[in-house]
Amino acid sequence: MFVLLPTYRAPLEEVDALLDEHRDWLDGHCADGRFLLAGRQVPRDGGFILAADGDRRELERIAATDPFSTAGLVTYEVLEVLPTAGIPAVLQAFAAHGVAVSVPVR
């Protein structure tokens, strides 16, 4: 599993101007199962995306196609993580979407 952390590098007015295009981009990757969950950071300095298992370089390439990225409004940090504990229903849902978990899913 990966956590993508976009950080805004521009005023929110510029970010908001591309918000609909960004959401369309997110929706497409959620629809194909690549992204599991996305949202805003609080305070609103950027966002977060949970991505299913895959290749880091491919996710970096995908992040570069975000309209926020192509406009130079964000930079992305890509972290690879391995769930080792959690609510069983959440772990089951992750496993059902191809996420590796290192604990028995009951």
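A short reminder: the numbers here are calculations on the coordinates, not readings from a lab. Quick caveat, the model's predicted, so the values are computed rather than measured. Every residue, glycine as well, gets a Cβ built from its backbone with ideal geometry; the counts of neighbours run over all protein chains shown.
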- Task: Lys and Arg at +1, Asp and Glu at -1: add these up for the other residues within a Cβ distance under 11 Å of Ala100 and post the number.
- Result: -2
- Item | Alpha-carbon gyration tensor eigenvalues x 5, square-rooted, for the chain, Å | 27, 13, 12
- Query: How far is helix 19-31 tilted, in degrees, relative to the longest principal axis of the Cα atoms in the chain, given as a value from 0 to 90 rounded to the nearest 10?
  - Reply: 20 degrees
- Note on the structure: For Val78, the net charge from surrounding residues (Cβ-Cβ under 14 Å; K, R +1; D, E -1) works out to -3
- Within the set of other residues whose C-beta is less than 11 Å from the C-beta of Ile62, count the net charge using Lys and Arg as +1 and Asp and Glu as -1. -1
- Query: Using θ = phi - 60° and the Karplus form 6.51 cos²θ - 1.76 cosθ + 1.60, what ³J(HN,Hα) does each residue of the range 90-97 get, whole Hz, x for Gly and Pro?
  - Reply: 5, 4, 5, 5, 4, 4, 5, 9
- Query: Hey, rough spin-label estimate for Arg56 and Val90, points 7 angstrom out along Cα→Cβ, what's it come to in nanometres?
  - Reply: 2.4 nm
